[in-house]
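Taking it in order: structure first as structure tokens, then the write-up.
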Amino acid sequence: NTHPLPPSGWRRARAWLAWPLFWPLLTLALLLLGNGLLNPGFLALQWRDGHLYGNLVDIANRAAPLALVSLGMTLVIAIRGLDISVGAVLAISATAAAWTIGQQQGDGLVPLFLAIAAALAVGALCGLWNGVLVATVGMQPIVATLVLMVAGRGVAQLLSGGQVLTVYYPPYAFLGNGFLFGVPFSLFVVAFAFASLQGLLRRTALGLFVRSIGHNPLAAHAAGVRARAITMAAYVACALTASAAGLLVSSNVSSADANNAGLLLELDAILAVALGGTALGGGRFHLAGSLIGALIIQTLTTTIYAVGVPPQVNMVVKALLVFAVMLLQSPEFRAWVGALAAPRKRERRS
């Protein structure tokens with residue numbers, strides 16, 4: 001190689017550009033900076049009555065349910081799967097929790113623990129159903145999860161009797177509205193889910209198995225990886241995170257709406273995972289990137305509302321983001337861009 005090595009500063013810049021979380025973090029930083037320029041008090045934080053308040057806290061708190069679902073969706077996409085039933089699972093779990101509290105008497109913590117257990121148990125069953133259809137029956141993931149996406153809200157409405165279940169129970173409201181050490185409790189739920197999944201994927205061989213299944217399922221199976229069991233576990237984990245999100249959503253509004261809770265949440269979750277750098281074709285995934293993607297979506301939503309743009313534009317912006325992400329992750333598109341840039345480089349050299 002006759003070309004001299006680039007200077008150390010350029011090498012460091014290239015390393016930063018190659019870091020998977022660089023572009024998601026840059027996107028989030030630009031959105032926050034733009035809001036700070038439009039509204040000088042946007043980035044301000046204040047401590048009042050033992051609680052931390054500010055727009056940044058509100059964005060993180062509102063993004064918590066989406067962040068939870070995105071964590072589970074990351075595992076499913078990493079193994080070349082997809083789960084479009086997470087919104088329905090959220091509605092079923094929220095309804096199960098509200099119904100359980102409504103059946104209990106007393107003001108102790110027993111109804112709370114029973115409601116959490118009921119929501120997580122329902123979510124685990126939903127995830128197991130999806131996992132069996134995909135890993136055992138052999139259905140395509142989008143078809144298998146479409147079954148629960150369509151039927152799930154019907155199941156939730158049967159459980160609620162077609163009514164919006166209201167919950168007047170302060171311990172349950174604490175899940176979505178409470179503060180711990182001055183910070184919204186929902187953020188601790190997200191942190192616990194992230195730390196648990198990150199620990200399993202980094203401290204055990206599970207992360208390697210997930211990547212191997214995503215890159216080449218046949219080769220992983222030939223190497224002795226229990227692809228079927230791991231696939232089912234991924235769908236169960238995705239449903240559990242959706243159930244936890246259902247607890248946060250329903251406790252935040254003190255009710256469970258089987259018809260509208262978590263509506264279109266699966267689209268936001270897929271977008272958050274893609275924005276975070278996870279390859280939609282499987283194999284490469286980043287849990288931290290999915291959290292950043294959820295924050296990007298919530299910040300974008302907050303920005304649209306703050307500027308005064310009609311809420312319908314929010315869907316258009318998300319559609320454009322999906323289109324851009326799909327293009328950037330397409331090998332054919334990148335090859336086409338590289339082919340267009342190559343003649344220009346040769347002209348400059350000549």
- Message: Tally up the residues in region 155-165 that are part of a helix (DSSP H, G or I) and either surrounded by 14 or more Cβ atoms within 10 Å (Cβ to Cβ) or touching a Lys or Arg at 6+ places or on another chain (Cβ under 7 Å) (or both), please.
- Response: 5
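Checking the conditions here, which among GLY262, GLY277, GLY246, GLY283 is closer than 14 Å to PRO65 by Cβ, within 18 Å of the chain's Cα centre (by Cα) and not in a helix (DSSP H, G or I)?
On the way: GLY277 fails: closer than 14 Å to PRO65 by Cβ; GLY246 fails: not in a helix (DSSP H, G or I); GLY283 fails: closer than 14 Å to PRO65 by Cβ.
Just a single option satisfies the conditions, and that option is GLY262.
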- Query: Where in region 166-242 are the helices (runs of 4 or more DSSP H), entirely inside, with at least 2 residues that are out of contact with any Lys or Arg (no Cβ under 8 Å at 6 or more places or on another chain), surrounded by 15 or more Cβ atoms within 10 Å (Cβ to Cβ) and of a type in the set (Gly, Ala, Ser)?
  - Reply: 170-177, 185-203, 206-215
- Message: Would you confirm whether or not region 107-117 contains a residue that is out of contact with any His (no Cβ under 6 Å at 6 or more places or on another chain), modelled with pLDDT of 90 or more, farther than 22 Å from SER254 by Cβ and open to solvent by less than 50 Å² (accessible area, probe 1.4 Å)?
- Response: no
- Which number in (1) touching a residue at least 24 places away in the same chain (Cβ under 8 Å); (2) open to solvent by 20 Å² or more (accessible area, probe 1.4 Å) marks the one condition that ALA98 misses? (2)
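State whether one or more residues within region 230-239 are under 30 Å from ASN55 (Cα atoms) and at pLDDT 90 or above.
Applying the first criterion (under 30 Å from ASN55 (Cα atoms)) to region 230-239 yields 238-239.
Pick out the ones that are also at pLDDT 90 or above and you get 238-239.
Yes, region 230-239 has at least one match.
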- Filter region 126-141 for residues that are open to solvent by 30 Å² or more (accessible area, probe 1.4 Å) and without any contact (Cβ under 8 Å) to a residue 40 or more places away in the chain and give the result. TRP129, VAL137, GLY138, MET139, GLN140
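Filter region 24-41 for residues that are of a type in the set (A, V, I, L, M, F, W, C) and under 21 Å from LEU275 (Cβ atoms) and give the result. Talk me through it step by step, then tell me what you get.
Step one: list which residues in region 24-41 are of a type in the set (A, V, I, L, M, F, W, C), which gives 25-26, 28-33, 37-38.
Within region 24-41, LEU25, LEU26, LEU28, ALA29, LEU30, LEU31, LEU32, LEU33 qualify.
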- Task: Filter region 277-288 for residues that are more than 13 Å from GLY72 (Cβ to Cβ) and modelled with pLDDT under 90 and give the result.
- Result: GLY277, ALA279, LEU280, GLY281, GLY282, GLY283, ARG284, HIS286
- Yes/no for MET149 being open to solvent by 50 Å² or more (accessible area, probe 1.4 Å), part of a loop (DSSP other than H, G, I, E, B) and among the hydrophobic types (A, V, I, L, M, F, W, C): no
- Query: Checking LEU295 against (1) open to solvent by less than 50 Å² (accessible area, probe 1.4 Å); (2) of a type in the set (A, V, I, L, M); (3) closer than 25 Å to GLN198 by Cβ, which single condition isn't satisfied?
  - Reply: (1)
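The values are calculated or read from the model by the stated rules, or taken from the named source; none is laboratory data. This one's a predicted model, so the numbers in the text were calculated from it and none came from an experiment. Glycine also receives a Cβ, built like all others from the backbone with ideal geometry; neighbour counts cover every protein chain displayed. All accessible areas refer to the heavy atoms of the entire protein, side chains included, with ligands and DNA or RNA removed. Shrake-Rupley method; radii C 1.70, N 1.55, O 1.52, S 1.80 Å.
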